[in-house]
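Student: Below is the structure I would like to discuss, written out as structure tokens.
The values are calculated or read from the model by the stated rules, or taken from the named source; none is laboratory data. These numbers were taken from a predicted model, which means no experiment stands behind them. When we count neighbours, we look across all protein chains shown, and the Cβ atoms used for this are built from the backbone with ideal geometry, even at glycine.
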Amino acid sequence: MYDQAWLRDHLPHRGEMCLLDEVEACDGDLIRCRATSHRDPSNPLRHAGRLGIAAGIEYAAQAMAAHGAMLTPAGGRPRLGYIASVRGVELLAGRLDVAADLQVRAERISGDDQTVLYAFEVAAEDVPLLRGRATVVLRAEVAA
């Protein structure tokens, strides 16, 4: 099982910034994760007592990082990356701090050793809250 302990060991996100709870499914192109941290009053992305819908992009980015970590060969270290751009983002709700667990999905559309294009969606109870595309640039150095 790829739970939060695994995520904390394999992602650069530490402490409360590790937003995902578990990886539910993963293959070479797709990852599905579950999150409950959006309901936590101490969520570091909260502002003025609420969690805006655009914070879902960070949840999706962490799913993309988890996907990269899961595809790293055994004994290897995942490469660091950063979001270079997000496009076609649709904000389909006003807030991310809904009652249901979040379903975070990222699908690799294309890529090479330098960049990867993902489509992402964050939903609750199979109702999309936001979706879009993100370009991830992979750095040459490995994670610390």
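Student: Kindly check whether there is at least one residue in the range 103-115 that is of a type in the set (A, V, I, L, M, F, W, C) and farther than 20 Å from Arg14 by Cβ. Break it down stepwise before answering.
Tutor: Going residue by residue through the range 103-115, those that are of a type in the set (A, V, I, L, M, F, W, C) are 104, 106, 109.
Of the ones still in play, those that are also farther than 20 Å from Arg14 by Cβ are 106, 109.
Yes, that holds for at least one residue.
Student: What residue, of Glu121, Glu90, is of a type in the set (D, E, K, R), in a strand (DSSP E or B) and touching a Leu at 6+ places or on another chain (Cβ under 7 Å)?
Tutor: Details: Glu121 fails: touching a Leu at 6+ places or on another chain (Cβ under 7 Å).
Matching residue, one of Glu121, Glu90: Glu90.
Student: Further, regarding this structure: Considering each of Glu22, Glu90 in turn, give the residue that is in contact with a strand residue (DSSP E or B) (Cβ under 9 Å, 6 or more places away or on another chain), touching a residue at least 12 places away in the same chain (Cβ under 8 Å) and closer than 19 Å to Val136 by Cα. Break it down stepwise before answering.
Tutor: Numbers: Glu22 fails: closer than 19 Å to Val136 by Cα.
None of the other options fit; the residue is Glu90.
Student: To continue, here is another question. Kindly check whether there is at least one residue in the range 120-136 that is buried (at least 18 other Cβ atoms within 10 Å of the Cβ), aromatic (Phe, Trp, Tyr) and closer than 25 Å to Trp6 by Cβ.
Tutor: Yes, there is a match, as at least one residue in the range 120-136 is buried (at least 18 other Cβ atoms within 10 Å of the Cβ), aromatic (Phe, Trp, Tyr) and closer than 25 Å to Trp6 by Cβ.
Student: For Val127, only one of the following conditions fails: (1) touching a Phe, Trp or Tyr at 6+ places or on another chain (Cβ under 9 Å); (2) modelled with pLDDT of 95 or more. What is its number?
Tutor: Answer for Val127: the failing condition is (1).
Student: Going through Ala5, Ala74 one at a time, which residue ends up being exposed (fewer than 13 other Cβ atoms within 10 Å of the Cβ), modelled with pLDDT under 95 and not in a helix (DSSP H, G or I)?
Tutor: Just one listed residue meets the conditions, Ala74.
Student: For residues that are under 14 Å from the mean Cα position of the chain (by Cα) and not β-branched (Val, Ile, Thr), scanning just the range 46-57, find the one that is surrounded by the fewest Cβ atoms within 10 Å (Cβ to Cβ).
Tutor: Ala54
Student: Between residues in the range 48-72 that are more than 20 Å from Val89 (Cα to Cα) and in contact (Cβ under 8 Å) with a residue 24 or more places away in the chain and residues that are acidic (Asp, Glu) and surrounded by fewer than 22 Cβ atoms within 10 Å (Cβ to Cβ), which pairs lie under 7 Å by C-beta distance while being six or more apart or on different chains?
Tutor: That search, which allows pairs on different chains as well, returns Arg50/Asp97.
Student: So which pairs qualify, if the first residue must be in the range 75-87 and in contact (Cβ under 8 Å) with a residue 12 or more places away in the chain, the second must be exposed (fewer than 10 other Cβ atoms within 10 Å of the Cβ), the Cβ gap must be under 7 Å, and the two must be at least 6 apart or on different chains?
Tutor: As it stands, the answer is Leu80/Glu141, since those pairs meet every condition given.
Student: Checking Ile109 against (1) in a strand (DSSP E or B); (2) under 16 Å from Ile57 (Cβ atoms), which single condition isn't satisfied?
Tutor: Against the list (1) in a strand (DSSP E or B); (2) under 16 Å from Ile57 (Cβ atoms), Ile109 comes up short only on (2).
Student: Applying the selection to the range 116-134, what residues are touching a residue at least 24 places away in the same chain (Cβ under 8 Å) and in contact with a Gly (Cβ under 9 Å, 6 or more places away or on another chain)?
Tutor: Val116, Tyr118, Phe120, Glu121, Val122, Leu129, Leu130, Arg131, Gly132, Arg133
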